[in-house]
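Visitor: Pasting a structure here, questions to come.
The values are calculated or read from the model by the stated rules, or taken from the named source; none is laboratory data. Computed from a predicted model, the values in this text were never measured in an experiment. With ideal geometry, Cβ positions are generated from the backbone for all residues, glycine too; neighbour counts draw on all protein chains shown.
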Amino acid sequence: MTERGRKALLLAPAGIWLLVMLALPLLVVFVFSFGERGAAGGYVPAFTLEQYANLPARWTAFKNTLILAPLGTIAALVIAYPLAYFLAVRCSPKWRTSLLILVIVPFWTSILIRSYAWIFILGGRGLPALLESIGIDDIRLINTPFAVLVGIVYGYLPLMVFPIFVSLDKLDKRLLEASADLGSTPWRTFRQVTLPLSVPGIATGCMLVFILLMGEFLIPAILGGGKVFFVGNALVDLFLQSRNWAYGSAVAMTLVVVMLVTVSIYMKFISRLGGQREDVSLM
Amino acid sequence: MRLYAICVYLFLYIPIGIIALFSFNAGRHASQFMGFSTQWYGRALNNPFVMDALETSLLAAFITACLASTLGTMAAIALQGVKGWLRTLFDAMIYIAIMIPGIVIGIATLIALVTVFGWLNPLLASLWPDGANPPQLSMGMPTLVAAHTMFTMALVIIIVRARLSGMDRALMEASADLFATPWGTFRQVTLPLIAPAILAGFLLSFTFSFDDFIIAFFVAGSETTLPIYIFSSIRRGVTPEINAIGTMVMGASLLLLVAAQLLLRRGASKSNN
């Protein structure tokens, strides 16, 4: 058998699988998003922009996603950064690997069960009961945007810590010493040396978390209790409850487009930030 | 600084700890610990719905992991040195598979397959010999495995490719120069070197498939996987039985991941020597 033939034979199963189970379904969603809803649900072929014109009906879901996804990303970043800094710069190398593994381990256990744990803590008989015993009454935590944010930070913290740790770990520690020797305060050293050099890690972490949050369903479903819902929750509702495939497809297409647009704007912003950093280091 | 780190670790582990603790609760109530008992583990293991769901999940995860690691490794090896449109097509599809939210993959797969089955079923019926019952294509275990395999195969391609690119190509050329057949080179040179990556990919695929809720929710048809069972139980309220199931699932995933980690590390140290 020729080299070419062998390669084709090895590639064919994976290629066909990806075409049938990925490319074809996405194409179907694209086509269906221009169709109409059947009388008993499902899809009737048509070419209309009606579904897209109807998008404002689901504005709340988009609004929640576009507010809580960036907010959750930033909250995760704020909490993750000091930990990553501690692990990469301050912590003794003897403990570093074990502590890092301890951060990553929860990420690989089911997010469903980890979110469920917060029903316990935030639910009526958890934290609110505890607060009541010290005199703070009537605090409602579960089924609020706060609960969803906590779930988000909890779920995605490891994903944020890891890339920041990697970029801080690669940083040449002699730069920090040089900065201190030249009379910089620790804060100034951090702001002018450490932080700019960890931008790639921050950028990667934020993008990973943001992309996953845009399609989030479980955390709002479990901790938002139908009051705080994302586009993902709207999609489940449209496909499984109202069986409105055409409209659901339009919502899904819009989600993907919004996601791609925000991510590409974000990449441009980050690369500009990276460019500035190079200018600074050249001086 | 250290205090802060301790706080974050507490934040990460307290919720998991609470689930594990309350799974041993003798009482029914979620907020009070009434003494140690393993009764909920017994109940969970004797609940036929839980065991059915577990069996479905394990079977789907196992088939998915086998298919994904085999097909993914084949593709990763064949993709070596491939350039041009074929490479672009594969890279684009892998990138899309990773980037598109799971929920969109789930609904897309559902409506595409339901539509295709809607066309194929009458066709099959008309081609089937008269009198016999024609097969009905519908959503279920095969579609679940197909969807999970699509995503995890993309992961395996990335993992195995990373390992291949770290490999010394001269080894394979030397093997060919010494008149090994391509199959011989693969079996005696390439495979031992990439085996840890394949195994890690297998275990990651297994864990992904076993833990996945959102894709399974759409494409599993009438099958109930363990995450689907847990999700619908949570909707009905918090019970110690779910805590017991959750603790067991977390323990099992941890074991698998530790195994994957050890294998990857062993492979890395081997290739460094």
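Visitor: For residues in segment A:83-99 being more than 9 Å from chain B (Cβ to nearest Cβ) and buried (at least 20 other Cβ atoms within 10 Å of the Cβ), which is nearest to B:Ile18 (Cα to Cα)?
Guide: Applying the filter and picking the extreme gives A:Ala84.
Visitor: Among what's in segment B:80-134 and is more than 8 Å from every other protein chain (Cβ to nearest Cβ) and in contact (Cβ under 8 Å) with a residue 40 or more places away in the chain, pick the residue that is surrounded by the fewest Cβ atoms within 10 Å (Cβ to Cβ).
Guide: Looking at the filtered set, the residue picked out is B:Ile98.
Visitor: Give the residues of segment B:160-188 that are in contact (Cβ under 8 Å) with a residue 12 or more places away in the chain and either away from every other protein chain (no Cβ under 14 Å) or among the hydroxyl-bearing types (Ser, Thr, Tyr) (or both), sorted by residue number.
Guide: We begin by selecting, within segment B:160-188, every residue in contact (Cβ under 8 Å) with a residue 12 or more places away in the chain; these are B:160-164, B:166-167, B:171-172, B:175, B:185-186, B:188.
Of everything in segment B:160-188, those that are in contact (Cβ under 8 Å) with a residue 12 or more places away in the chain and either away from every other protein chain (no Cβ under 14 Å) or among the hydroxyl-bearing types (Ser, Thr, Tyr) (or both) turn out to be B:Ala162, B:Arg163, B:Gly166, B:Met167, B:Leu171, B:Ser175, B:Thr185, B:Gln188.
Visitor: Does A:Phe34 fit the bill of being within 11 Å of another protein chain (Cβ to nearest Cβ) and either part of a helix (DSSP H, G or I) or among the hydrophobic types (A, V, I, L, M, F, W, C) (or both)? Outline the logic, then answer.
Guide: Details: within 11 Å of another protein chain (Cβ to nearest Cβ): no; either part of a helix (DSSP H, G or I) or among the hydrophobic types (A, V, I, L, M, F, W, C) (or both): yes.
For A:Phe34, the condition - within 11 Å of another protein chain (Cβ to nearest Cβ) and either part of a helix (DSSP H, G or I) or among the hydrophobic types (A, V, I, L, M, F, W, C) (or both) - is not met.
Visitor: From A:Leu240, A:Leu213, A:Leu218, A:Leu182, grab the single residue that is surrounded by fewer than 21 Cβ atoms within 10 Å (Cβ to Cβ) and within 13 Å of chain B (Cβ to nearest Cβ).
Guide: On the way: A:Leu213 fails: surrounded by fewer than 21 Cβ atoms within 10 Å (Cβ to Cβ); A:Leu218 fails: surrounded by fewer than 21 Cβ atoms within 10 Å (Cβ to Cβ); A:Leu182 fails: within 13 Å of chain B (Cβ to nearest Cβ).
Only one candidate qualifies: A:Leu240.
Visitor: Sort out which residues of segment B:52-71 are β-branched (Val, Ile, Thr) and in contact (Cβ under 8 Å) with a residue 40 or more places away in the chain, and write them in order of number. Can you show your working first?
Guide: Filtering segment B:52-71 down to residues β-branched (Val, Ile, Thr) leaves B:56, B:63-64, B:70.
Matches in segment B:52-71: B:Thr56, B:Ile63, B:Thr64.
Visitor: Would you say B:Met150 is buried (at least 17 other Cβ atoms within 10 Å of the Cβ) and outside any helix (DSSP H, G or I)?
Guide: Details: buried (at least 17 other Cβ atoms within 10 Å of the Cβ): yes; outside any helix (DSSP H, G or I): no.
Judged against the criteria, B:Met150 is not a match.
Visitor: Follow-up question, since we're still on this one. Take the residues of segment A:221-237 that are closer than 19 Å to A:Tyr52 by Cα and not hydrophobic (A, V, I, L, M, F, W, C): which is surrounded by the fewest Cβ atoms within 10 Å (Cβ to Cβ)? Give the derivation first.
Guide: Looking only at segment A:221-237, we keep the residues that are closer than 19 Å to A:Tyr52 by Cα, and these are A:230-237.
Now narrow it down to the ones that are not hydrophobic (A, V, I, L, M, F, W, C): A:232-233, A:237.
Details: A:Gly232: 28, A:Asn233: 22, A:Asp237: 17.
Per the criteria, the residue is A:Asp237.
Visitor: Kindly indicate the residue of segment B:22-35 that is at pLDDT 80 or above, outside any strand (DSSP E or B) and surrounded by 15 or more Cβ atoms within 10 Å (Cβ to Cβ) and also farthest from the other protein chains (Cβ to nearest Cβ) among those meeting that condition.
Guide: Here the residue is B:Phe24.
Visitor: Provide a single number: the residues in segment A:9-30 that are more than 8 Å from chain B (Cβ to nearest Cβ) and of a type in the set (Gly, Ala, Ser).
Guide: 1
Visitor: While we're looking at this one, here's another question. For A:Arg125, work out the one condition from (1) within 7 Å of another protein chain (Cβ to nearest Cβ); (2) modelled with pLDDT under 90; (3) within 26 Å of B:Gly251 (Cα to Cα) it doesn't fulfil.
Guide: In the conditions (1) within 7 Å of another protein chain (Cβ to nearest Cβ); (2) modelled with pLDDT under 90; (3) within 26 Å of B:Gly251 (Cα to Cα), A:Arg125 misses (3) alone.
Visitor: Still on this structure: Tell me yes or no: at least one residue of segment B:36-45 is free of Cβ contacts under 8 Å to residues at least 12 places away in the same chain, farther than 30 Å from B:Met150 by Cα, assigned to a helix (DSSP H, G or I) and facing chain A (nearest Cβ under 10 Å). Outline the logic, then answer.
Guide: Applying the first criterion (free of Cβ contacts under 8 Å to residues at least 12 places away in the same chain) to segment B:36-45 yields B:42, B:45.
Filter again for farther than 30 Å from B:Met150 by Cα, leaving B:42, B:45.
Narrowing further to those that are assigned to a helix (DSSP H, G or I): B:42, B:45.
From what's left, facing chain A (nearest Cβ under 10 Å): none.
Within segment B:36-45 (the criterion being free of Cβ contacts under 8 Å to residues at least 12 places away in the same chain, farther than 30 Å from B:Met150 by Cα, assigned to a helix (DSSP H, G or I) and facing chain A (nearest Cβ under 10 Å)), the answer is no, since none of the residues qualifies.
Yes/no matrix, rows are residues, columns are (1) touching a strand residue (DSSP E or B) at 6+ places or on another chain (Cβ under 7 Å); (2) within 12 Å of another protein chain (Cβ to nearest Cβ); (3) among the acidic types (Asp, Glu); (4) touching a residue at least 60 places away in the same chain (Cβ under 8 Å):
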| residue | (1), (2), (3), (4) |
| --- | --- |
| B:Gly201 | no, no, no, yes |
| B:Leu204 | no, yes, no, no |
| B:Phe213 | no, yes, no, no |
| B:Phe218 | no, yes, no, yes |
| B:Gly221 | no, no, no, yes |
| B:Thr224 | no, no, no, yes |
| B:Ile228 | no, yes, no, yes |
| B:Phe231 | no, yes, no, no |
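Visitor: If I go through segment B:166-199 residue by residue, how many of them are of a type in the set (Gly, Ala, Ser), surrounded by 11 or more Cβ atoms within 10 Å (Cβ to Cβ) and either assigned to a helix (DSSP H, G or I) or modelled with pLDDT of 85 or more (or both)?
Guide: Qualifying residue count for the region: 6.
Visitor: Is segment B:200-222 home to any residue that is in contact with a His (Cβ under 8 Å, 6 or more places away or on another chain) and β-branched (Val, Ile, Thr)?
Guide: Yes.
Visitor: Another question, if that's okay. With the condition being under 25 Å from A:Ala80 (Cα atoms) and free of Cβ contacts under 8 Å to residues at least 60 places away in the same chain, I'd like the helices (runs of 4 or more DSSP H) fully within segment A:172-242 carrying at least 3 qualifying residues. I'd like the intermediate steps shown before the answer.
Guide: Values: elements: A:173-181, A:186-189, A:199-214, A:218-223, A:231-236.
Hits in segment A:172-242: A:173-181, A:186-189, A:199-214.
Visitor: A:Val44 - would you say it is surrounded by fewer than 13 Cβ atoms within 10 Å (Cβ to Cβ), aliphatic (A, V, I, L, M) and touching a strand residue (DSSP E or B) at 6+ places or on another chain (Cβ under 6 Å)? Break it down into steps so the answer makes sense when it comes.
Guide: On the way: surrounded by fewer than 13 Cβ atoms within 10 Å (Cβ to Cβ): yes; aliphatic (A, V, I, L, M): yes; touching a strand residue (DSSP E or B) at 6+ places or on another chain (Cβ under 6 Å): yes.
Taking the combined requirement at face value, the residue satisfies it.
Visitor: Related question: Which count do you get for residues in segment A:1-32 that are surrounded by 18 or more Cβ atoms within 10 Å (Cβ to Cβ) and farther than 22 Å from B:Tyr95 by Cβ?
Guide: 1
Visitor: Just checking, how many residues over segment A:47-73 are within 15 Å of the chain's Cα centre (by Cα) and loosely packed, with under 14 Cβ neighbours inside 10 Å?
Guide: Within segment A:47-73, residues that are within 15 Å of the chain's Cα centre (by Cα) and loosely packed, with under 14 Cβ neighbours inside 10 Å number 1.
Visitor: Just one of (1) over 20 Å from B:Thr38 (Cβ atoms); (2) assigned to a helix (DSSP H, G or I) trips up B:Asn243, so point out which.
Guide: (1)
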